[in-house]
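Visitor: Below is a structure I'd like to ask you about.
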Amino acid sequence: MAQRRPLIAGNWKMHGLKADTGWVEAFAAAADTGACDVLVCPPFTLLETMGGLLSRHGLALGAQNCAEEAEGAFTGDVSAAMLADAGCSHVIVGHSERREGHAESDALVRRKALAAIEAGLVPVICVGEHRAERESGQAVETVLAQLAGSLPDISATQLVVAYEPVWAIGTGLTAGPEEAQAMHAAIRAAFPGADRDRLRILYGGSVKPGNAAALMACPDVDGALVGGASLDPDAFAQIVNLAS
Ligand code: PEP
């Protein structure tokens, strides 16, 4: 962790209206971001509004998904270049809610990550096993296979990996620090580039102020991808302060 600056990312999912953007001031008043990068990923409709507010506090803006194509007749899709144009620096790809709810394959996630890189964005590539895979001892194998299929041939400094066990997302269950550390170490060891020590690997899955410190203390956990708790500016600030 010494050579990697922590990153705490908030995934608002399909939450948030213009009336909720006071979140930024409330968060900034409660957070110490001196030693930690902070990324907020609101829904598409709030990108422009939130981007202006976040940048005043040195906070980064990200989106939750992008199209694999650069442009064209793809009704309802949003390209990575459009996200960059709206002020994003990052985009989440391969979140389990998209892999499952929208049948996104590893190959599609890989193409989306490439589209992000081509548009100058940092993809946050999500991977994670199901409960049954963990219980049958297949968790590491599953996650490494997902990663191999989802990872474009790029340097560790051009992307972020988020390890999000599916059984921990939005459930209140979380991987214990030993489970998280073992998976993060396996991901790092399997990363193909020689610069793997520079790869930031976030943990995601019911991260809250009460469990963030133990997770963040793991040597290969470089931050968190936070869903539910990122909607509460005080809870998100507490998590950021624990990582700083
Ligand atoms: C997520 O959406 O990526 C996530 C980890 O959600 P939660 O923190 O609510 O489990």
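Visitor: For Lys112, go through the aspartates and glutamates and keep the ones whose alpha-carbon is under 15 Å away, minus same-chain ones fewer than eight residues off.
Guide: Counting by Cα, and skipping residues close in sequence, Lys112 has these aspartates and glutamates nearby: Glu68, Glu69, Glu71, Asp77, Glu104, Asp153.
Visitor: Here's something else I'd like to know. Assuming R0 = 41 Å, what is the FRET efficiency of Asp195 and His102, from their Cβ-Cβ distance, to the nearest 0.05?
Guide: Given R0 = 41 Å and the Cβ-Cβ separation, E is 0.80.
Visitor: Just from its helices, what would the mean residue ellipticity at 222 nm be for the chain, if runs of 4 or more DSSP H residues each count -39500 (n - 2.57) and the sum is divided by every residue, rounded to the nearest 500 deg cm²/dmol?
Guide: -10500 deg cm²/dmol
Visitor: Now for a different question. Run down the aspartates and glutamates and flag those whose C-alpha is under 15 Å from the C-alpha of Lys13, throwing out any fewer than 8 positions away in its chain.
Guide: Glu97, Glu100, Glu164, Asp232
Visitor: Ignoring ligands, DNA and RNA, what percent of the 1.4 Å accessible area of the chain is carbon and sulfur?
Guide: That fraction is 53 percent.
Visitor: Keeping all protein chains in place, calculate the accessible area per residue for the chain (probe 1.4 angstrom), answer in Å².
Guide: Counting only protein heavy atoms, the per-residue value for the chain is 42 Å².
Visitor: For the stretch 230-243, in order, what is each residue's ³J(HN,Hα) by Karplus, 6.51 cos²θ - 1.76 cosθ + 1.60 with θ = phi - 60°, in whole Hz (x at glycine and Pro)?
Guide: 6, 6, 9, x, 6, 5, 5, 5, 4, 5, 4, 5, 5, 8
The values are calculated or read from the model by the stated rules, or taken from the named source; none is laboratory data. Keep in mind the model is a prediction, meaning the values are calculated, not measured. In this analysis, Cβ positions are derived from the backbone assuming ideal geometry, glycine residues included, and neighbour counts consider all displayed protein chains. Side chains are part of the model used for accessible areas, which takes the heavy atoms of the whole protein and leaves out ligands, DNA and RNA. Shrake-Rupley method; radii C 1.70, N 1.55, O 1.52, S 1.80 Å.
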